[in-house]
1. If you restrict to DSSP beta bridges whose two residues both lie in the range 144-265, what percentage is antiparallel, to the nearest 5?
2. If one takes the longest principal axis of the Cα atoms in the chain, at what angle in degrees, from 0 to 90 and to the nearest 10, does the Cα axis of helix 159-169 lie?
3. Count the DSSP beta bridges whose two residues both fall in the range 3-122, then state the antiparallel fraction as a percent rounded to the nearest 5.
4. For the range 144-265, compute Rh as the Kirkwood radius over C-alpha pairs and then the Stokes-Einstein diffusion coefficient at 10 °C and 1.306 mPa s; write the answer in µm²/s, rounded to an integer.
5. Taking the chain as a Gaussian network, where each spring joins two C-alpha atoms under 10 Å apart, which residue of 38, 243, 210 fluctuates the most?
6. Between rounded, prolate and oblate, where does the range 107-214 land on the alpha carbon gyration tensor, with a ≥ b ≥ c its root eigenvalues, rounded for a/c under 1.5, else prolate if a/b exceeds b/c?
7. Enter the Cα centre distance for the pair the range 161-228 and the range 37-98, rounded to the nearest angstrom.
8. If you take every DSSP beta bridge fully contained in the chain, what fraction is antiparallel? Give it as a percent rounded to 5.
């Protein structure tokens, strides 16, 4: 039985945009190593492990015999980990491992959306759009979700504008705030397991957020998404889904409350 290992480091959004490529690589036995927080999103793998738990980061320094035996047990390894570490790549060769390395990020001059870029690396002619999908029970809970944070402060639309937007939306439907464990906002819904969070987002009528992993998560479950983009290029990094609208300006402060309100109220 062919055994394949996929190693995909990265933040939530990067991982979600790689899901179509990972699914394209499915074989009779598939194992995925990734950041611990992302593992619940890989519903189709036979086994998942956090990269941190494997000892992979020590491969070029002092690899354990157990790790070497484990890696040699795969017929193929596809890795977005270590592509920029020559010593790591050299060690995999010395150990006789069949590893295909790919860049974990598109180049700055890429003309492809990130999902298409990752997909093309492993599926040169996929015959389908690279749209991440996370299967969750869909329902219209009649509420809107606002997640006003991101991994970088420069990607965040001002919080006071989100609060005013929430007041306007509440004339039509309840608003629930969403936040991570360390994100400072009172009375927010905080669900650490990303698949459980995805299934909760799948019950929202509407989601509004910045360029963040949680915005990609909402799009991947099919919820209607309005995403606000500033310094990052939405042509490469916009969330993908059946019902996504992006409002983008180079300076996020240039996006007015009225613009976002008009988009979400239509």
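FYI, it's all coordinate maths here, none of it is from the lab. Being a predicted model, the structure only gives us computed values, none of them experimental. Neighbour counts run over all protein chains shown; Cβ positions are idealised from the backbone, glycine included.
1. Details: 0 of 17 bridges.
If we restrict to bridges inside the range 144-265, about 0 percent are antiparallel.
2. 60
3. Details: 0 of 17 bridges.
If I count the DSSP bridges inside the range 3-122, around 0 percent turn out antiparallel.
4. Numbers: Rh = 14.2 Å.
Estimated via Stokes-Einstein, D reaches 112 µm²/s.
5. Looking only at 38, 243, 210, the biggest GNM fluctuation is shown by 243.
6. Working: a/c = 2.18, a/b = 1.61, b/c = 1.36.
Prolate.
7. Taking the Cα centre of each part, the range 161-228 and the range 37-98 sit 34 Å apart.
8. Percentage antiparallel, nearest 5: 0.
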